[in-house]
Amino acid sequence: TETRFMFKREASETMTVSWFEPNAGYDLTASSHGCDYLSTIRYEDANENGSPGTMITVGFHGTPKTPIAKLMGFMMGFMVKSIKKCLVDDLVDIKSHLESPQTVHHE
């Protein structure tokens, strides 16, 4: 279960790892409020100027399943900016953790 603050309110979602491949990425799925959600995270080697690096790609998709969720779909346009901010914050947290001196890197 993940808990975040969105629109000044606490929101929790229980997610399931639906796909995982080491050194490639993973998918998380959730169903809530009449919608199915899919978050995708992918890793790729990204050598820049001969320096090692990793490109992380994050995606999010929501599919309304109930009539009410379909009617509320137009609200997603207002939520895109907030969702994007959450995903960017996640990437910044990952970067900070990986670049931390306390992080143990395995070759």
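Quick notes on this structure:
- Criterion: in contact (Cβ under 8 Å) with a residue 12 or more places away in the chain, open to solvent by 90 Å² or more (accessible area, probe 1.4 Å) and touching a Phe, Trp or Tyr at 6+ places or on another chain (Cβ under 9 Å) - qualifying residue of Met15, Met55: Met55
- Residues of segment 1-20 satisfying the condition of being of a type in the set (Val, Ile, Thr) and in a strand (DSSP E or B): Thr3, Thr16, Val17
- Among (1) open to solvent by 80 Å² or more (accessible area, probe 1.4 Å); (2) in contact (Cβ under 8 Å) with a residue 12 or more places away in the chain; (3) in contact with an Asp or Glu (Cβ under 9 Å, 6 or more places away or on another chain), the one test that Ala30 misses: (1)
- The residues on offer are Asp89, Asp45, Asp93, and the sole one that is over 16 Å from the mean Cα position of the chain (by Cα), open to solvent by 60 Å² or more (accessible area, probe 1.4 Å) and at pLDDT 80 or above is Asp45.
The values are calculated or read from the model by the stated rules, or taken from the named source; none is laboratory data. Predicted model, so just to flag it, every value in this text is computed and none were measured. Cβ atoms come from the backbone with ideal geometry, glycine included; neighbour counts cover every protein chain shown. These area figures cover heavy atoms from the full protein model, side chains too; ligands, DNA and RNA do not enter into them. Shrake-Rupley method; radii C 1.70, N 1.55, O 1.52, S 1.80 Å.
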